[in-house]
Amino acid sequence: MTEETILMKAIVVTDEAAGTAGMTLTERPEPPAAINDVVVRVHASGFVPTELEWPSTWTDRAGRDKSPSIPGHELAGVVTALGYGTTGLSVGQRVFGLTDWHRDGTLAEYVAVEARNLAPLPGDVDFTVGASLPISGLTAWQGLFDHGHLQAGQSVLAHGAAGAVGTMVTQLAREAGAYVIGTGRTVDRQKAFDFGAQEFVDLDNDALEDIGAVDLVFDVIGGDIQKRSAGLIRAGGTLVTVVGPPEAWPTNGRAIDFVVEADRTQLGEIVHRVRDGRLRTNIGNIASLDDAVAALNPTERTSGKTIIRIRP
């Protein structure tokens, strides 16, 4: 006699060409916990719109089609089950973190995730805040410190300074003793300053080249802006990008592209800064799972990260 399948609510995507418009709310089987996994009852989930352009959303590690897929890779929730051999976390523990790119994601009531990809979420940090931190926070941390080797006294050009990643880049760079020049559109100016930028370049109206030389460029845009930014990097400086292989290199510097990785220690550093007020997250809209499809298909430009609150 087989065990009865327990269903959960989840957002799925089946058509890569449709993008977020192809999202549907449906029922899927609750995931089991494999070796070294935990199952987490998701309380809040983050989502990055570009996920639906990533090959890992549509295929498994062997390249086989895995649609319909559950997107979303950021979560905050409570551990409900441990897989065989799983250590370091316990049932009932509040956690947050980043799930594997190739597995079903977090826009669901439950998710199975490797325990090492999660960190404890302190009881005084709301689940919505926890779910907003993993990709933005880890991307900023790894880009600035692991890949950019940022030092106090250096200058950082932070593109998209009012965005989810850009606001993290600005705050972490400032805390490390750097001078931060943010970029964005005219409407982004005040937000960039509110999160700590010391100068702002309106990419629609200001000349980027007027800022002079910088030590590190954190690129989330690519294209022409990346190429122009590479020319601003002083000798020994670094272009860090998250939009794919660099199209431009500094004359006497380095260019690095990277994909963010889960890291429990870094997650702990990030949430510690949130707790003591050194780091603010950039949340825009918060919507329920029932309203997620509409929330993730906004009709106008949104400010800040959309978080899906799976449980009240």
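The values are calculated or read from the model by the stated rules, or taken from the named source; none is laboratory data. Being a predicted model, the structure only gives us computed values, none of them experimental. Ideal geometry is used to build each Cβ from the backbone, glycine not excepted, and the neighbour counts take in all protein chains shown. Side chains are part of the model used for accessible areas, which takes the heavy atoms of the whole protein and leaves out ligands, DNA and RNA. Shrake-Rupley method; radii C 1.70, N 1.55, O 1.52, S 1.80 Å.
Select the strands (runs of 3 or more DSSP E) contained entirely in segment 125-231, then report the ones holding at least 3 residues which are open to solvent by less than 10 Å² (accessible area, probe 1.4 Å). Spell out how you get there, then give the answer.
Values: elements: 155-158, 179-184, 199-202, 214-219.
Once the strands (runs of 3 or more DSSP E) in segment 125-231 are filtered for at least 3 residues that are open to solvent by less than 10 Å² (accessible area, probe 1.4 Å), what remains is 155-158, 179-184, 214-219.
Scanning segment 13-60 for residues that are part of a strand (DSSP E or B) and small (G, A, S), which turns out surrounded by the most Cβ atoms within 10 Å (Cβ to Cβ)?
Let us first name the residues in segment 13-60 that are part of a strand (DSSP E or B), namely 13, 24-29, 37-46, 59.
Still in the running and small (G, A, S): 44-46.
Values: A44: 25, S45: 32, G46: 28.
My answer is S45.
Which of the residues belonging to segment 232-244 are at pLDDT 95 or above and either open to solvent by less than 70 Å² (accessible area, probe 1.4 Å) or under 25 Å from the mean Cα position of the chain (by Cα) (or both)?
Here is the first cut: in segment 232-244, the residues at pLDDT 95 or above are 232-242.
Selection gives L232, I233, G236, G237, T238, L239, V240, T241, V242.
Would you please name the residue that is nearest to D276 (Cα to Cα), looking only at residues in segment 104-124 that are part of a loop (DSSP other than H, G, I, E, B), in contact (Cβ under 8 Å) with a residue 40 or more places away in the chain and open to solvent by 40 Å² or more (accessible area, probe 1.4 Å)?
Applying the filter and picking the extreme gives D124.
Would you please name the residue that is surrounded by the fewest Cβ atoms within 10 Å (Cβ to Cβ), looking only at residues in segment 249-291 that are polar (S, T, N, Q) and part of a helix (DSSP H, G or I)? I'd like the intermediate steps shown before the answer.
Narrowing segment 249-291 to residues polar (S, T, N, Q): 251-252, 265-266, 281-282, 285, 288.
Okay, now just the ones that are also part of a helix (DSSP H, G or I), so 265-266.
On the way: T265: 8, Q266: 19.
Selected residue: T265.
With respect to G97, is the statement that it is at pLDDT below 95 and either part of a strand (DSSP E or B) or touching a helix residue (DSSP H, G or I) at 6+ places or on another chain (Cβ under 9 Å) (or both) true? Quick ask: steps written out before the conclusion?
Numbers: at pLDDT below 95: no; either part of a strand (DSSP E or B) or touching a helix residue (DSSP H, G or I) at 6+ places or on another chain (Cβ under 9 Å) (or both): yes.
Taking the combined requirement at face value, the residue does not satisfy it.
Considering (1) closer than 16 Å to I308 by Cα; (2) surrounded by fewer than 17 Cβ atoms within 10 Å (Cβ to Cβ), say which one G92 fails and leave the rest.
(1)
Using the structure shown, decide if F127 is among the aromatic types (F, W, Y) and closer than 26 Å to R301 by Cα.
It is true that F127 is among the aromatic types (F, W, Y) and closer than 26 Å to R301 by Cα.
Only one of these is more than 12 Å from the chain's Cα centre (by Cα) and farther than 17 Å from Q171 by Cβ: V129, V125, V113. Name it. Walk me through how you get there before you give the answer.
Details: V129 fails: farther than 17 Å from Q171 by Cβ; V125 fails: farther than 17 Å from Q171 by Cβ.
Testing whether each residue is more than 12 Å from the chain's Cα centre (by Cα) and farther than 17 Å from Q171 by Cβ leaves just V113.
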